[in-house]
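Notes follow the structure.
The values are calculated or read from the model by the stated rules, or taken from the named source; none is laboratory data. Fair warning: this is a prediction, and the values are worked out from it, not measured in the lab. Positions of Cβ are generated from backbone atoms using ideal geometry, with glycine treated the same way; all protein chains shown enter the neighbour counts. In case anyone asks, the SASA skips ligands and DNA or RNA and just uses the protein heavy atoms, side chains included. Shrake-Rupley method; radii C 1.70, N 1.55, O 1.52, S 1.80 Å.
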Amino acid sequence: MNIDFSNPVVIGVNCLVALVFVLAVVWVVARQRNRKRTEELRARFGPEYELALRQYGSRGKAEAALMDRVERVNRLSIHPLSEPDREHYMADWEAIQARFIDHPRGAVTEADELINTILRARGYEGGDFDRRVADMSVHHATLVEPYRRANAVTVRAARNEATTEELRSAMILYRALIEELLQANAPAAVTRRDVAA
């Protein structure tokens, strides 16, 4: 059988086959890139990734929101604390812990405020609680859930609804958060390209 490769129908079929092949290769590469990005974001954000999935309703929207966080935080000037600042905040923390015995509700509120102060001193923007959590999740994903739990107790304490045991638990959570934030070095900036590559 002789095929006439100059026939427009044969040329059209060959072009169509080539186009389908190219599209298949592009689809496979895009899928692999998306899978890798998903794995990297899951590893980086931990439980916060799953929370974003529930919040945004789709993987694409959740991952775009998480990448927006990364880009926003990378524009900030996040830095480690100087040794004098670190010592100052540690002294503040020790004083707050000492006040817990006589004024547990006030001490928990002060601990929450100290977290906010340390975050701002390290270069985070501050803002409302959700913004602070989102920003913190970029470099300190493991601290997000304890911060949420401690803050929830602080909010209940402000309404006089938290038990002494809940206040004690919040102080333990705040201790871990403060110790981590005081010792943490400034992380290297991560770009969308680093995660998507």
note = Taking 0.36 nm per residue of separation between ALA141 and SER77 and subtracting their Cα-Cα distance, the length gained on full extension comes to 21.2 nm
query = Among the GluC sites (Glu not before Pro) within the range 51-130, which fall in a DSSP loop and have no more than 16 other Cβ atoms within 10 Å of their own Cβ?
reply = GLU125
ask   = Any idea how far apart ARG33 and GLN55 come out in nm if each label point goes 7 Å out from Cα toward Cβ?
value = 2.6
task = Hey, for a label at GLU125 modelled as a point 7 Å past Cα toward Cβ, could you say which residues of the range 60-84 have their backbone N under 19 Å away?
result = 62-79
Rounded if a/c under 1.5, otherwise prolate or oblate - the range 73-174, Cα gyration tensor axes = oblate
inquiry  = To test your reading of the geometry: what angle, between 0 and 90 degrees and rounded to tens, separates the Cα axis of helix 141-158 from the longest principal axis of the chain?
reply    = 40
ask   = Normalised by the residues of the chain, what does the relative contact order come to in percent, with Cα pairs under 8 Å and at least six apart?
value = 28
message = Output the 0 to 90 degree angle, nearest 10, between the alpha-carbon long axis of helix 83-100 and the longest principal axis computed from the alpha carbons of the chain.
response = 60
ask   = By accessible area of protein heavy atoms, probe 1.4 Å, what ranking do ILE11, ILE101, ILE115 get, highest first?
value = ILE101, ILE11, ILE115
ask   = Between the range 148-175 and the range 72-139, what's the alpha-carbon centroid distance in Å?
value = 16
Principal axis dimensions, largest first and in whole angstrom, of the chain by Cα = 97, 37, 21
